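The values are calculated or read from the model by the stated rules, or taken from the named source; none is laboratory data. All values derive from a computational prediction rather than experimental measurement. Heads up, the Cβs are rebuilt from the backbone with ideal geometry, glycines too, and the neighbour counts pull from every protein chain shown. Just so you know, the surface numbers come from the protein's heavy atoms only, side chains and all, with ligands and any DNA or RNA stripped out. Shrake-Rupley method; radii C 1.70, N 1.55, O 1.52, S 1.80 Å.
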Amino acid sequence: VLLRPASGSRQQDAPGAADGLALASDPGGTLNFLAMVENLQGDSGRGYYLEMLIGTPPQALNILVDTGSSNFAVAGVPDADVTSYFNPELSSTYRSQGVEVTVKYSQGSWTGVLGTDVITMPKGLYGSYTINIATILESENFFLPGVKWHGILGLAYDALAKPSSSVETFFDSLVRQAKIPNIFSLQMCGAGLPVSGSGTNGGSLVLGGIEPSLYRGDIWYTPIKEEWYYQVEILKLEVGGQNLELDCREYNADKAIVDSGTTLLRLPEKVFSAVVQAIARTSLIQEFSSGFWTGSQLACWDRTEKPWSLFPKLSIYLRDENSSRSFRISILPQLYIQPILVIGDNLQCYRFGISSSTNALVIGATVMEGFYVIFDRAQRRVGFAVSPCAEADGSPVSEIEGPFTTADVASNCVSSVSFHEPVLWIASYALMSLCGIILLVLIVLLLIPPRCQHRYTDNDVVNDESSLVRHRWK
């Protein structure tokens, strides 16, 4: 090898999934999920995107699908790294709200102006809908060379919407206007393919239900712990069938989310270290460079060789809707040892599709490419089923198994202290204020001039945290 820098809760159908749903806006009277199959293009390295027509007359743009943020935003001025942008002045239906909005990601940010306009989706719901849209006027490390999308479609909850949760999200607008069920599902078909390839890998965003042709077997559901990100509860991880034996709260520090806008599987630092040690211990490679695990080096093999047989399977256990049971989603090395670069005629280079995180476990595209993922907002749950397109060389690269007992884990693996909850925020500020008053009284009594002052940091603000930008190959 060469190194180079660099359940019991199973069901087949959901509301609206079997026989369709009558829609006033649909002349056929049904919600046609098949029309949405393969409406996405892209790859895990640069994201999956949907074509959308915005304004009157319509302007066509590719929009990144991101379940880890909540704003719908498009490039609103020319940018060196985008091939198209939305010009509000050319749309007779655009209405500016005159409100500035800034969204910060774990790396990268943009600032724009909120407005409304009509959108249609050539491979989505029939009809046009009036949507809140932010036109991006300035950005930093958001649009990068090689991306083929011109905006972002945030599909998380309004709690993450900027500048406030009063901004109705794209999907909430569709549910209200089109009267579709409050559920969408996502399939990304880049398993085993170059993560920054032609960008023409298929995928499907099904709005309003579940398309049976996009999965095999049963759908297993895990509850959404809180409606901001799609926060779930991880019970344990296994590498090569061996439990990491960590306290289950480590897997949820300080949250575990399902985020299509994050490229890799991101793990809290302690969990990441344990996973790397377990993979290195069980792999068939000795003295493997640390640079590969940290993402600073690629591993290269002869193109006739397939390195995946050298690495173990990785399993994530999620709590079932029946809290006394769990199920596991497993990915084979074809998903986390990712082809990224060809050198000369003989070498294929790969990257490690897992990285460390300081504040979350993120089930990103590395894992999601193995599954058909259902975001059932109506019943507050996320579902996973095996995706037919999750194959490499004709063999499946993902598995779902269960149910398993949860007798060996804590009854609650999610920290009870959640400072993004409004009530706890109020309580925390009240306590800080009381502390400040007491300290001020003491200072006055002691005749000491300096005053107690709280300096706010970025940790005091909940920001959208898609890491797509951070992990894109460039």
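Details
- The range 178-242, accessible surface, carbon-and-sulfur percent (1.4 angstrom probe): 49 percent
- Take the Cα of residue 285, go 7 Å toward its beta carbon, and the backbone nitrogen atoms of the range 306-326 under 17 Å from that spot belong to 306-314.
- Label-to-label distance for residue 359 and residue 56 is 4.1 nm, based on points extended 7 Å past Cα in the beta-carbon direction.
- Maximal additional length on extending the residue 130-residue 323 stretch stands at 65.5 nm, based on 0.36 nm per residue less the C-alpha distance.
- Fully extending the segment from residue 246 to residue 213 would add 8.1 nm, taking 0.36 nm per residue of separation and subtracting the current Cα-Cα distance.
- Accessible area per residue for the range 293-337, computed on protein heavy atoms with a 1.4 Å probe, is 35 Å².
- Cα-derived Rg over Rh, computed across the range 30-180 with Rh taken as Kirkwood radius: 0.93
- Amide hydrogen proximity for residue 41: with H placed 1.01 Å from N in the peptide plane, the residues at 5 or more positions away or on another chain lying under 5 Å are 49.
- Measuring between their Cα centroids, the range 345-418 and the range 245-324 lie 11 Å from each other.
- Once you divide the Cα radius of gyration of the range 159-249 by 2.2 N^0.38 Å, the number left is 1.45.
- Greater than 20 Å apart at Cα, pairs in 123/162; 236/313; 104/179; 104/162; 236/270; 104/270: 123/162; 104/179; 104/270
- Ellipsoid semi-axes in whole angstrom, largest first, where each is sqrt(5λ) of the Cα gyration tensor of the range 183-441: 34, 23, 18
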